[in-house]
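Student: Have a look at this one.
The values are calculated or read from the model by the stated rules, or taken from the named source; none is laboratory data. As the structure is a prediction and not an experimental result, all values here were calculated from the model. Ideal geometry is used to build each Cβ from the backbone, glycine not excepted, and the neighbour counts take in all protein chains shown. Side chains included, ligands, DNA and RNA excluded: accessible areas come from the protein's heavy atoms. Shrake-Rupley method; radii C 1.70, N 1.55, O 1.52, S 1.80 Å.
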Number of protein chains: 2
Amino acid sequence: MTSRQTFDSTSAPRKSGSGGRAASASAKDTRPRRARSGRRPGDSGTREQILESALHLFADRGYARTTIRAIAEDAEVDPALVHHFFGNKEGVFDAAINSSFSVSASFDNMPGTRTDASEATWIAQTYFSFWEHESTRYAMTAIYRAGLADSATSDILRERIEASTKAWSQASGYRERPDATTRAALASGHLAGLALMRYVLQIQPLASMDFAEFIDWVVPALELRLSATLEPRRPHDTAAD
Amino acid sequence: MTSRQTFDSTSAPRKSGSGGRAASASAKDTRPRRARSGRRPGDSGTREQILESALHLFADRGYARTTIRAIAEDAEVDPALVHHFFGNKEGVFDAAINSSFSVSASFDNMPGTRTDASEATWIAQTYFSFWEHESTRYAMTAIYRAGLADSATSDILRERIEASTKAWSQASGYRERPDATTRAALASGHLAGLALMRYVLQIQPLASMDFAEFIDWVVPALELRLSATLEPRRPHDTAAD
């Protein structure tokens, strides 16, 4: 399980034995060693290799400091090929976060559970699985690091988050609740903020919790946020301000 | 209110007439025009000017693409002076986020309210005020963009968030609740995630909500998260997984 994997585009990442702890936020530390296969990849293999190299570099050194040249070097291809496939660095970023794996698509398989608790559990487990497992954590880190680092890439991250939010919101019974769009956006911010705390910034005690314990903390709050049980504070309460 | 302000280090930012909307995430767009005072600043004025220029540039173009030279140029000083004061770029970042204003310190003035609703309201309003007001939004954006962009600056952001979390947690009655540290960290992730969604990525409908409406949505969830009312999911519930 230490070689690079091609991500399944329709399901959450597989569990890997050593990937179950958020022991380190550094992409460099957690980057799986590459087992070079020796095959001469065709166009599609080369394209994937470039995107994977790009994500590793974006996660590790950030978007701005990653050059087309560095990506090409890591992928062992000519820089001209990177330009040929993707145009510029923003094109690489866009393609990388859209093709390597899809958080949104993983919600398509959401089972038709119709109780708040199990739906919130499914959403939290699916989303955080991408962060928890070594094989996709670096890509999630790359996406958020790059998307937040730079106003030019913020648009791409915004679209991804909106798509992902819509995907799980539509797949669940929450879409029928009052203020479903608002609740989904608030829940999405909640999830993303916790992921950044635990996996990127490694704030304690979140970073060292077991995955199951972390999910247990998140689910009840997510459930209330998405259901209609928790209403916004009523205007008359603002007198205390 | 369009000239740069020296931030009050002990209180939340003042309201400014035009700063009450999250109309644009771009630091460039919202950057107040500088009214050059014509005075020859002393050491302390120069130092402040450098830090303010640095935050504007970090917010606008990101940490990695901001050079010492660009900071010096914006502040109208010699680059050698920037090195003299702060050593390197990381030193500028560290000083900028620690001296310009203090989110943590603003919680020292937390009134001794002892009801969950008013404490959660205070925390949410104080924290989000720094994002909401034009005069400090760019600095908050800079801190998060830079802190998340780069593993080298993540440490500085982590320390800031931990300090800020501790400050409001200690200033409130929440410190006496079970699992206070865990709850505070979870709440902190919640707040930071929502700020990134609304102010940096501008995800709808959060970005276009009135500040009061946004706070009204946040407070009940924050209150539950911090109080002992909302417990983690019990182990026996995990059978559904």
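Student: Name the one entry in A:ALA185, A:ALA180, A:ALA221, A:ALA142 that is in contact (Cβ under 8 Å) with a residue 40 or more places away in the chain and outside the structural domain of A:GLU90 (by the TED database).
Tutor: A:ALA142
Student: Can you find a residue in the stretch A:194-204 that is of a type outside the set (S, T, N, Q) and more than 22 Å from B:ILE156 (Cα to Cα)?
Tutor: The answer is no, given that none of the residues of the stretch A:194-204 is of a type outside the set (S, T, N, Q) and more than 22 Å from B:ILE156 (Cα to Cα).
Student: Say we look at the stretch B:200-220 and pick out the residues that are open to solvent by less than 20 Å² (accessible area, probe 1.4 Å) and more than 19 Å from B:THR121 (Cα to Cα); which of these is farthest from the other protein chains (Cβ to nearest Cβ)?
Tutor: Here the answer is B:ALA207.
Student: Taking the stretch B:166-182, which residues are surrounded by fewer than 24 Cβ atoms within 10 Å (Cβ to Cβ) and assigned to a helix (DSSP H, G or I)?
Tutor: Listed by number, the residues that qualify are B:LYS166, B:ALA167, B:SER169, B:GLN170, B:ALA171, B:GLY173, B:TYR174, B:ARG175, B:GLU176, B:ALA180, B:THR181, B:THR182.
Student: List pairs: first residue in the stretch A:203-215 and outside the structural domain of A:TRP122 (by the TED database), second residue modelled with pLDDT of 95 or more anywhere in the structure, Cβ distance under 9 angstrom, at least six positions apart or on different chains.
Tutor: Here the result reads none, with nothing in the stretch A:203-215 linked to a residue that is modelled with pLDDT of 95 or more.
Student: Being part of a helix (DSSP H, G or I), more than 11 Å from chain B (Cβ to nearest Cβ) and closer than 21 Å to B:SER188 by Cα: is that true of A:ILE123 here?
Tutor: Yes: the conditions hold for A:ILE123.
Student: Mind listing just one residue for me: the one in the stretch A:58-71 that is assigned to a helix (DSSP H, G or I) and at pLDDT 90 or above and, of those, surrounded by the fewest Cβ atoms within 10 Å (Cβ to Cβ)?
Tutor: Here the answer is A:ARG69.
Student: Additional query: Looking only at the stretch A:72-90, decide whether some residue is small (Gly, Ala, Ser), open to solvent by less than 30 Å² (accessible area, probe 1.4 Å), outside the structural domain of A:ALA212 (by the TED database) and modelled with pLDDT of 50 or more.
Tutor: Yes, the stretch A:72-90 has at least one match.
Student: Something else about it: Somewhere in the stretch A:103-122, is a residue in contact with a helix residue (DSSP H, G or I) (Cβ under 7 Å, 6 or more places away or on another chain), within 18 Å of A:ALA221 (Cβ to Cβ), crowded, with 23+ Cβ neighbours inside 10 Å and modelled with pLDDT of 85 or more?
Tutor: Checking the stretch A:103-122: at least one residue is in contact with a helix residue (DSSP H, G or I) (Cβ under 7 Å, 6 or more places away or on another chain), within 18 Å of A:ALA221 (Cβ to Cβ), crowded, with 23+ Cβ neighbours inside 10 Å and modelled with pLDDT of 85 or more.
Student: So, A:GLU231, is that one without any contact (Cβ under 8 Å) to a residue 12 or more places away in the chain, over 27 Å from B:ALA64 (Cα atoms) and surrounded by fewer than 17 Cβ atoms within 10 Å (Cβ to Cβ) or not?
Tutor: yes
Student: Still on this structure, I have one more. Restricting to the stretch B:180-199, give me the number of residues that are at pLDDT below 90 and either within 12 Å of B:ALA124 (Cα to Cα) or more than 9 Å from every other protein chain (Cβ to nearest Cβ) (or both).
Tutor: The qualifying residues number 1.
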